[in-house]
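The values are calculated or read from the model by the stated rules, or taken from the named source; none is laboratory data. This structure is a prediction, so every number in the text was calculated from the model and none was measured. Cβ: placed from backbone, ideal geometry, glycine included. Neighbour counts: every protein chain shown.
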Amino acid sequence: MKAMITGASSGIGEAIAVTLHKLGYELLITGRREQRLNDLAHRLGDERITVQVLDITDSQAIKEVADEAGVVDVLINNAGGALGLASAQESELSDWLTMIATNVTGLTVLTHAILPQMVERHQGTIINLGSVAGEFPYPGGNVYGAAKAFVRQFSLNLKADLAGTGVRVTNIEPGMVGDTEFSLVRFDNDADRAASVYDGMQALKPEDIANLVGYIVTLPSHVNINTVSLMPVDQGFGAFNVSRH
Ligand SMILES: NC(=O)c1ccc[n+]([C@@H]2O[C@H](COP(=O)([O-])OP(=O)(O)OC[C@H]3O[C@@H](n4cnc5c(N)ncnc54)[C@H](OP(=O)(O)O)[C@@H]3O)[C@@H](O)[C@H]2O)c1
């Protein structure tokens, strides 16, 4: 069995690679940072791991990698992230477009490329990394939340189309996951600001998401988990914000 994981060079994707490797999967791990991927492959010490540099915003490269990959049993659409936490009116358009290119377009193009061989073989599992941001708005979430809302609805609509094909689709929507580079990337490598996000609370760990993935892929083939929303116990929901004049 072969699993392809995007964004395996850090955080959640890396933890998922470790878990699927333990479960005996042959791995195709991708991301932009080749050294990080090589380090992971070396750490796992398994020649059944293929490292492929892939920028998920490059549609042509995605198609070439998917063609070369051949049979993929499990596709983990994990690459993505947020850029900035500015209000919509203060955001950089380039950040918005990059978030759409990674979280939406890249995931869509890769899914389109991998799906036919799954349907043909009547077997396959696609797991997308959405976010609670795709369901619950928060100030500064703007395009990141909208992108993850796309992932949520795309996953459900894939499920609608794939009924009867044997292909499973799950959207995992985590709240705060620490020990990743998510906040570092969001805050443009400001390590102090990134660390402060998780100050005094216990965030989810990448392994929590990886364990969930391990559970989902080992379920009997007739079982499809549609959506999983999970949060740290220390995270909750905010009240509506009212502007008073
Ligand atoms: N951490 C959280 O609190 C949280 C919560 C909910 C959902 N999520 C979602 O979980 C997923 C993984 O995030 P994480 O928390 O593990 O953050 P992370 O440590 O920053 O990992 C993000 C991964 O995505 C890859 N990536 C980013 N842009 C890419 C591009 N253009 N092409 C290829 N790969 C790219 C990165 O690899 P390279 O830089 O090497 O390319 C990296 O491996 C994301 O989709 C994120 O939105 C995270």
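Summary of values
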item: Counted residues, region 73-91 - those being touching a helix residue (DSSP H, G or I) at 6+ places or on another chain (Cβ under 9 Å) and either surrounded by fewer than 23 Cβ atoms within 10 Å (Cβ to Cβ) or at positive phi (or both); result: 10
item: In region 147-179, residue farthest from the ligand (Cβ to nearest atom) [restricted to those that are under 17 Å from Gly80 (Cα atoms) and of a type in the set (A, V, I, L, M)]; result: Ala149
item: Residue match in region 38-57 (condition: without any contact (Cβ under 8 Å) to a residue 60 or more places away in the chain and at positive phi); result: yes
item: Residue selected from region 124-145 under the condition aliphatic (A, V, I, L, M) and within 15 Å of the chain's Cα centre (by Cα), by the criterion surrounded by the fewest Cβ atoms within 10 Å (Cβ to Cβ); result: Val132
item: Where a residue in region 153-179 is more than 19 Å from Ile16 (Cβ to Cβ) and of a type in the set (Val, Ile, Thr) and its partner, wherever it lies, is modelled with pLDDT under 95 and part of a helix (DSSP H, G or I), with Cβ under 6 Å and at least six apart; result: none
item: Out of Ala61, Ala66, sole residue that is within 12 Å of the ligand (Cβ to nearest atom) and either of a type in the set (Gly, Ala, Ser) or buried (at least 18 other Cβ atoms within 10 Å of the Cβ) (or both); result: Ala61
item: Among the candidates Thr125, Thr111, residue that is hydroxyl-bearing (Ser, Thr, Tyr) and part of a helix (DSSP H, G or I); result: Thr111
item: Candidates Ile225, Ile209, Ile216, filtered to the one that is buried (at least 16 other Cβ atoms within 10 Å of the Cβ), of a type outside the set (Lys, Arg) and within 13 Å of the ligand (Cβ to nearest atom); result: Ile209
item: Sole residue being among the acidic types (Asp, Glu), over 15 Å from the mean Cα position of the chain (by Cα), more than 8 Å from the ligand (Cβ to nearest atom) and modelled with pLDDT under 95, chosen from Glu26, Glu47; result: Glu47
item: Flag if Ser155 is farther than 23 Å from Val109 by Cβ, among the hydroxyl-bearing types (Ser, Thr, Tyr) and surrounded by 12 or more Cβ atoms within 10 Å (Cβ to Cβ); result: no
